[in-house]
Structure formats: structure tokens, C-alpha cells
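*Asks:* Before I ask anything, let me first share the structure, which is written out below as C-alpha cells.
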Amino acid sequence: MASSSFSFFQILSATTTLLLLLEAHQASSCFSAIFSFGDSLQDTGNAAHMFVNSALSNPPYGTTYFHKATGAKTFVVPGNLPIGCIPAWLGQYRSDKPSDYDRNGCLIWMNNFSEYHNNHLQTELDRLKGQFPNVNIAYADYLNSGIRMFSNQAQFGITVPFIACCGGNGYPCNATGPVCPNPLNHASWEGFHPTEATYHAISDGIIRGPYAIPFLSQKC
């Protein structure tokens, strides 16, 4: 019978481990191994099995898919990004009303939708924490950490927040598509997915604050 709540497997399949970014922040941790489950935002091979005969079917996608339980007991589950700041949606839902946008140029109603999703996700995570007391489950606030970046673009080197680095102007983002000269000053890679610069800014908020998850910065 279908259920209105997330299953534990569904939560795990949406899980990413920001521990992968600890090395970029020159920090050590108490974790001897890192596993990542997710979609195209943090792919470890799952997407290659979901999108056959597409760009995601080609290497390196699919090269690290585990095919078995990992035994992990510490999980970082990300909330949704500020989707109102994504170039593809800004183009599709362009509005002539200035009141539809926040001071950063993002669509308010779409970011409100991300917040709605994240509130329900956190409720479900709280339920899972009670159901699995021996598992450490933390919520990663991608939404507010992302909004922090869009509100302080210069701090993170972002000068082109709403134009894709790869593709655009009728060209696809593929092996022959155009690529911007400096991806590090773009917030979006191909209109949907963040660039490395955006991930760095978000991880900074999650690891160092102001939305820090304490165990991510613990040292042994």
C-alpha cells in the first residue's frame, strides 16, 4: 500500500555526504570511509541506471555504484536548493512583476516551495531518528546556505549568478557545447546544476557555519 511518508530507503537515496568536501576545507574528520547516495546532484552511479542511453549513461557516471548495503550509520541528508535562483526556472517562469522576486533576483514562490519541501523532510527525519536511535542523521540546510551565497556573491567570487556556464543560447551542454572561460565565477553549470563554486559556498555554510552540522568539523 502506498504511504504518504518517505521510506528509509527513499531518504537514503536522497542522501549526500558533505564529508566529501572536508578535504577542500582542509579539515580532518573522524570518519574512515565516505559513501554517497543521490541523484544527478551527487551521483555515485545511480543516475546511470535511471537514465539509459543518455549523457548520464557514459563514464564517469556509474563507476562507483555500490550495488549493496554499505553499513553506514551516519548520514547527512540535504534539503532542496533555492530553486528560485536556478537559471532554467528563472527563464521558464519569468515574471513581469518585480514583487515576484527577492532582492537577489530569485523567484520568491519557488524558494518558498523549496522551504515547504524541506520542512516536511525535516519532519520525516525526526521520525526516522526516533525509529533508528543508533543511526546518526543530520539535516543539511542547502536552502539557506545557498541563499547566503546569492546574498553575498562577491564573498564567494560569483559574478554571473543566473547564466549557465555550459551551453546556452540554443546550444546544449555536451562534449561539443560551448563552455564559459571561468566556471568559478558562475553559480550554475548548465542551467540546473550548481558549479563547483556554488558547492564550495554551500559546503562552507554547512561545515563552518552559520548552518553548521557539528560532527562535520570534529577532529580526531
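*Asks:* Can you give me the long-range amide H partners of residue 136? Hydrogens built in the peptide plane at 1.01 Å from N, cutoff under 5 Å, separation of 5 or more residues or another chain.
*Replies:* It is 74, 75, by chain and number.
*Asks:* Here is a follow-up. Just to compare against my own numbers: the Cα pair-distance distribution for segment 124-179, 10 Å bins, whole % per bin, please.
*Replies:* The calculated distribution, bin by bin, is 19, 24, 24, 20, 14, 0.
*Asks:* Something else now. How large is the direction-averaged shadow of the alpha-carbon convex hull of segment 79-220, in nm²?
*Replies:* 10.9 nm²
*Asks:* Using only protein heavy atoms and a 1.4 Å probe, report how much of residue 192 is accessible, in Å² to the nearest 10.
*Replies:* 100 Å²
*Asks:* Same structure again: Percent of accessible area on segment 106-220 owned by carbon and sulfur, 1.4 Å probe?
*Replies:* With neighbouring chains kept in place, the figure for segment 106-220 is 56 percent.
*Asks:* Return the sequence-ordered ³J(HN,Hα) values of segment 194-208 in whole Hz as given by the Karplus equation 6.51 cos²θ - 1.76 cosθ + 1.60 applied to θ = phi - 60°, using x for Gly and Pro.
*Replies:* So the J values, rounded to whole Hz, are x, 8, 4, 5, 5, 4, 4, 5, 5, 5, 4, x, 7, 8, 9.
The values are calculated or read from the model by the stated rules, or taken from the named source; none is laboratory data. Computed from a predicted model, the values in this text were never measured in an experiment. With ligands, DNA and RNA removed, areas are computed over all heavy atoms of the protein, side chains included. Shrake-Rupley method; radii C 1.70, N 1.55, O 1.52, S 1.80 Å.
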